[in-house]
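Asks: Have a look at this one before I ask anything.
The values are calculated or read from the model by the stated rules, or taken from the named source; none is laboratory data. Treat the numbers as computed from the prediction; the structure is a model and nothing was measured. Heads up, the Cβs are rebuilt from the backbone with ideal geometry, glycines too, and the neighbour counts pull from every protein chain shown. These area figures cover heavy atoms from the full protein model, side chains too; ligands, DNA and RNA do not enter into them. Shrake-Rupley method; radii C 1.70, N 1.55, O 1.52, S 1.80 Å.
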Amino acid sequence: MALRTSAEVGGMGHSIKRKEDPRFIRGKGTYVDDVVLPGMLYLDIVRSPYAHALIKKIDASKATAIPGVLAVITGQDLAKYNLHWMPTLMSDTQMVLPVEKVMYQAQEVAAVLATSRYAAADGAAAVEVEYEALPVVVDPKKSLEPDAPVLRTDKKDKKDNHIWHWEWGDRAATDKAFGEAEVTVKQDIYIPRIHVASIETCGCVAHFDKVNDKLTVWMTTQAPHAIRTVFALVAGHVGLAEHKIRIISPDIGGGFGGKVPVYPGYVIAVAASVLTGKPVKWIEDRMENLQADSFARDYHIAAELAARKDGTLTALRIKTLADHGYADAAANPSKFPAGLFHVCTGSYDLKAAHVEVDGAYTNKPPGGIAYRCSFRVTEAVHTIERMVDLMAHQLGVDPADFRMKNFVKPEQFPYKSALGWEYDSGNYGAALHKAMDTIGYAELRREQAEKRKRGELMGIGISSFTEIVGAGPSKHFDILGLKMFDSCEIRIHPTGKAIARFGTKSQGQGHETTYAQILAEELGIPAADIQVEEGDTDTAPYGLGTYASRSTPVAGAAAAVAARKIQDKARKIAAHLLEAAPEDLVWEPGKFSVKGAPDRAKTIQEIAFAAYTNHPQGMEAGLEAVSYYDPPNLTYPFGSYICVVDLDKGTGEVKVRRFVAIDDCGNIINPMIVEGQIHGGLTMGLAPALYEEISYDELGNVQGGSFIDYLLPTAVETPKWETGKTVTPSPHHPLGAKGVGESATVGAPAAIANAVVDAMWHLGVRHVDIPITPPKVWRLLRDHGVTE
Ligand code: CDP
C-alpha cells in the first residue's frame, strides 16, 4: 500500500516507534500491582491440595490469631449472599469458593483478608482444612465411560460428565466422499493443555466507596466493559448497579486470552471490599497463575482426510474430545462451544467436511481459553496442516506441491468453505512461493537427500495456515448475549489535537500507537498529536475488548468510520470557511482545498479551531464522532511458514535451524509493530511445539505447575526468525486490514511438527504429538531402529 501521509504525520504504513514504550522501558507503566490506595487490605487464597475432595471442616482459628489477619472468608460466607457460584462465559457455572467439595488441585478453598500481603500469606498457610478424598477423573475418555463418578453433583439432573455435543458440516456428503475416496489417511492428534504464562499474573484492586456507593475495580482484564456488565448482572441483588461500577484495566503485562475470564479472586476481592468499605488487593503469584487460571487447548482429535490418487483433496472428517476441566469456562462466542474450530478445512478447497466435538468434565481447572488464537483456530490449523502433510507424504508428493495443488485459488475469493465460512481474500500460493524462495526450498530438499544418505536426520516442514479473526459480525457472535461489535470515540480539540477512546484494551500490542496512526491516516492529524485511551469503563465507549486478534478488524475499523464522520463535518466547516460548496472541496490527509484552486485550502487544525470559534450557523459546535462498528464479515489473514530442523540422534533434541515466516494481514498499519507481533507469536508457537505442556498424574496432581517444570522458551531457545510478507487487502475492512496478533502462534507449531516428522518419515514415523521433547524423539528413533 502506497504511503499517503508524511513521516511527520505518521499514518498507515509508517514504522513509527511505539508511543507507549517510553513509560514501559523506564519502568513507569501502571500495572494493577502498582495501584496502592490508603488503608488498602490484602487478600491471599487457600488452595486445595486435592483434585477432588469433600470439605469436612475449615478451621480458621490459627489464621485469625496471626497479627494483621482480619478475616478468613469461606464459601459459607459467600453463600449468604448467593455469591459462592458464578456464571462462566459459556453459561456454565463455576465456584467462587466451595461449600461442599473441591474439583481440582489448587482450587480456591478460602480467602484470608489482612492488613499486609505477608500477613495474608501467613494466614493462608495457617488455615486448616479437613478433606475427604473422592475418586479423581483425569482422562476425559474415562470421564465419559458409564461407570465414571459424576463430577458436577451440584447439577441435580446431571447423570454423567458429558457437557455438550456439537457438530457442523454435511455428514452425509462427507461420509459419501470417504466411501468413494481412493486414498485416506487417519491420525489421532493430541493438543495438550498449555498456559498463557503472561509476564504479569492476574489480580485486582477493588475499592467500594461507601459514601458514593461506587465500586471501582482496577483489574487485569482484556474486556473491561463486559466484566462491568457481568458484575452488575451477578451482583445486582447485593446493590451493585452498572452505573455504580467502574472497571479500569490499567497497563497489562500480556493477556493472550488468559485475562478474559472472571477468576474467583476478583469476585472475593470485590465482596471483601463491599463488606469492609476498604480497598482490597489480590495479586496471584506465579504458581497460582500456572496452576489455577484457565488453560488452553486440551483437544483429543481423531482426523481423517480423503483424496483422489491424483492428489486432489476431497473430504475431511474430525471427531474431537474437549477436556474442559470441571467447568466449561471457555471464552467462546455463545453459539460456538468449540469456538471457530470449524475453520479446520484451512487453506484447502475441500468439497466436503464434517466436524464433531464433545465436551467433557474432568478434575482439572476450567479450560478452553483462546490462547493467542481466535477461539480454537490453533487446534484447527494444527490438525489440517498435519493431515495435509501426512497425505502428501502418503502419496509420495512433495508437501509444497501438494499444497499448491489444493489451495483455494485467488480467483475463488470470496470463498465459501465446506463448513460455511466466507473467506474474504487470499493468495495462498503467493505466500508459499515467497517462503520457498526465501528459504531456498529446492536446495534444502537436495541437502536433505544427501544427508539422508549419510544417515543424518534433517526435516523440512510447511504450514500454510488460514486464520479467522475479527469477531463480530454481531449476527453470529456474542458473549453472554453481548453482541461482538467494537467502538471508537474521537474528540478533536480546538487546537487540532485529539483524544480517541476505544472499547478494546491493549496488553502489549501497541494500540496507543497504531490507533493514532489510523486516525492520522484518515484525518491528517499527526499521530503524535492524538492520545489514545482504552480500558476505563467510565470514559471509553462500550466494547467487547481485545482478544482473538479482533482489535484491528473491529475497533480499527470503528476508528476509520468515526474519523470519516469527522471528515464529513470538517468538509462542511471548511466549505463555510472557504466560501465554497462542500462538494467542490478536495480532501487530502490534513486539509481541504478548493477543486482547481489548491492554494485556497484549510488545514484540519484550522477547521478544528473553527469548529469551536466560527462554525456555520445552524451547525452544532465541536468536532467529535463515535462509531460502534459491526463488521460484515471476519477477516482471514494467512501465511506460509517453512521450518528446517536437524535431529540429534543421540539425545533426540530438535534443533530449529531455520524458520521462514511469510505473513499476510492485508494492509499494514505499522510494519514494525506487525513484525514484533510475529516475532512474539512465533516464539509462542515454538513453545507448545517443543516445550510447554501441563499434564496431570492419576490423582490429578498438576505437573508443570511452576517454571521449573513448565518450560517457557527464552531467548536462548528461540531461533532467528526470518520474516516477510505479502499484502492481500481485506475487501470489506475500511482500511483493507486484517488482524495479525495471533497468526504466528497459530501457524508455527504445525511447521515444526511437520519438519520433525519429515525428518523421520523414511524410518516409518508418521506422527508425533506436541510438545516434541527430546525423550519423545529419542524413543521414536529407538523404536524405529536408530540408535547412537
Ligand atoms: O486484537 P489485537 O490487538 O491483539 O490484534 P491485532 O488487531 O491483530 O493487532 C495487533 C497489533 O498489530 C496492533 O497494534 C495493530 O494495530 C497492529 N496491526 C497492524 O499494524 N496492521 C495490521 N494489518 C494488523 C495489526
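Asks: Take the residues of segment 649-685 that are more than 16 Å from the ligand (Cβ to nearest atom) and touching a strand residue (DSSP E or B) at 6+ places or on another chain (Cβ under 7 Å): which is nearest to SER15 (Cα to Cα)?
Replies: VAL660
Asks: When both residues are 6+ apart or on different chains and their Cβ atoms are under 8 Å apart, which pairs have a first residue that lies in segment 449-475 and is under 21 Å from LYS335 (Cα atoms) and of a type in the set (Val, Ile, Thr), and a second that is open to solvent by 10 Å² or more (accessible area, probe 1.4 Å) and away from the ligand (no atom under 16 Å from the Cβ)?
Replies: Taking only residues 6 or more apart or on different chains, the pairs are ILE468/TRP421.
Asks: Do we find that GLN509 is within 14 Å of the ligand (Cβ to nearest atom) and open to solvent by less than 10 Å² (accessible area, probe 1.4 Å) in this structure?
Replies: no
Asks: Of the conditions (1) more than 16 Å from the ligand (Cβ to nearest atom); (2) among the small types (Gly, Ala, Ser); (3) over 17 Å from ASP568 (Cα atoms), ALA601 fails just one. Which one is it?
Replies: Of (1) more than 16 Å from the ligand (Cβ to nearest atom); (2) among the small types (Gly, Ala, Ser); (3) over 17 Å from ASP568 (Cα atoms), only one is false for ALA601: (3).
Asks: Among the residues of segment 244-267, write down those that are out of contact with any Gly (no Cβ under 8 Å at 6 or more places or on another chain), aliphatic (A, V, I, L, M) and assigned to a loop (DSSP other than H, G, I, E, B).
Replies: Scanning segment 244-267 gives a single hit, VAL262.
Asks: Looking only at segment 78-85, decide whether some residue is free of Cβ contacts under 8 Å to residues at least 12 places away in the same chain and farther than 30 Å from GLN531 by Cα.
Replies: Checking segment 78-85: at least one residue is free of Cβ contacts under 8 Å to residues at least 12 places away in the same chain and farther than 30 Å from GLN531 by Cα.
Asks: Given the options ALA353, ALA338, name the one that is surrounded by 22 or more Cβ atoms within 10 Å (Cβ to Cβ), assigned to a loop (DSSP other than H, G, I, E, B) and not assigned by TED's automatic domain parsing to the domain that holds VAL109.
Replies: ALA338
So that you can scan it fast, the table gives a plain yes or no per residue for (1) assigned by TED's automatic domain parsing to the domain that holds SER249; (2) out of contact with any Asp or Glu (no Cβ under 6 Å at 6 or more places or on another chain); (3) surrounded by 15 or more Cβ atoms within 10 Å (Cβ to Cβ):
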{"residue": "PRO38", "(1), (2), (3)": "yes, yes, no"}
{"residue": "LEU43", "(1), (2), (3)": "yes, yes, yes"}
{"residue": "SER48", "(1), (2), (3)": "yes, yes, yes"}
{"residue": "HIS52", "(1), (2), (3)": "yes, yes, yes"}
{"residue": "LYS56", "(1), (2), (3)": "yes, no, no"}
{"residue": "SER61", "(1), (2), (3)": "yes, yes, no"}
{"residue": "ALA65", "(1), (2), (3)": "yes, yes, no"}
{"residue": "LEU70", "(1), (2), (3)": "yes, yes, yes"}
{"residue": "ILE73", "(1), (2), (3)": "yes, yes, yes"}
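Asks: Of the residues ASP310, ASP323, ASP358, ASP298, which is more than 25 Å from PHE485 (Cβ to Cβ), in contact (Cβ under 8 Å) with a residue 24 or more places away in the chain and open to solvent by 10 Å² or more (accessible area, probe 1.4 Å)?
Replies: The conditions single out ASP358.
Asks: Considering only residues that are part of a loop (DSSP other than H, G, I, E, B) and either touching a helix residue (DSSP H, G or I) at 6+ places or on another chain (Cβ under 8 Å) or β-branched (Val, Ile, Thr) (or both), look in segment 29-57 and name the one that is nearest to PRO250 (Cα to Cα).
Replies: Once the filter is applied, the top-ranked residue is THR30.
Asks: Check off (1) at pLDDT 95 or above; (2) open to solvent by less than 20 Å² (accessible area, probe 1.4 Å); (3) more than 16 Å from the ligand (Cβ to nearest atom) for GLY705 and give me the number that stays unchecked.
Replies: GLY705 satisfies every listed condition except (1).
Asks: On to the next question. Quickly run through segment 80-131 and pick out the residues that are open to solvent by 20 Å² or more (accessible area, probe 1.4 Å) and within 27 Å of the chain's Cα centre (by Cα).
Replies: The answer is TRP85, PRO87, LEU89, MET90, SER91, THR93, GLN105.
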